[in-house]
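Here the structure comes first, spelled out in structure tokens, and everything after it is commentary.
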Amino acid sequence: MAWAVFHEEVHWSRPDSRFGFHARAKPEPQNFPHDFVDYAVSIGRATKTRPPKRQEKPKVGA
């Protein structure tokens with residue numbers, strides 16, 4: 001899976017497959033399969049980004 005920020009709405013279907021993907025424009029990074037993210041970047045509707053950092057769980061009883 002790959003992370004990207006989508007600037008415009010994009011829809012893509014895998015060739016010879018019934019699987020398709022749809023992303024809406026959001027300022028937050030979104031997680032999709034690599035081939036879909038690569039397609040969106042190639043047409044200028046997304047920018048690849050690093051995965052967001054996980055939030056630390058609060059320590060209990062310390």
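Laid out as a table, the results:
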| item | result |
| --- | --- |
| Accessible area (Å², 1.4 Å probe, nearest 10) - residue 48 | 110 |
| Helix-only mean residue ellipticity at 222 nm for the chain, each DSSP H run of n ≥ 4 adding -39500 (n - 2.57), per residue, nearest 500 | -4000 deg cm²/dmol |
| Å² of accessible area per residue within the chain, as computed with a 1.4 Å probe and no ligands counted | 84 |
| Mean separation of Cα contacts under 8 Å, 6 or more apart, over the residue count of the chain: relative contact order % | 42 |
| Apportionment of accessible area to carbon and sulfur, segment 1-58, percent (1.4 Å) | 50 |
| Simple spin-label estimate for residue 42 and residue 5 in nanometres, 7 Å along Cα-Cβ | 2.4 |
| Cβ-derived FRET efficiency at R0 22 Å, residue 24 paired with residue 53, nearest 0.05 | 0.45 |
| Rounded accessible area of residue 41 (nearest 10 Å², 1.4 Å probe) | 60 |
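The values are calculated or read from the model by the stated rules, or taken from the named source; none is laboratory data. The structure presented is a predicted model; accordingly, all values stated were derived computationally and were not measured. So basically every Cβ, Gly included, is an ideal-geometry build from the backbone, and we count neighbours across all protein chains shown. In case anyone asks, the SASA skips ligands and DNA or RNA and just uses the protein heavy atoms, side chains included. Shrake-Rupley method; radii C 1.70, N 1.55, O 1.52, S 1.80 Å.
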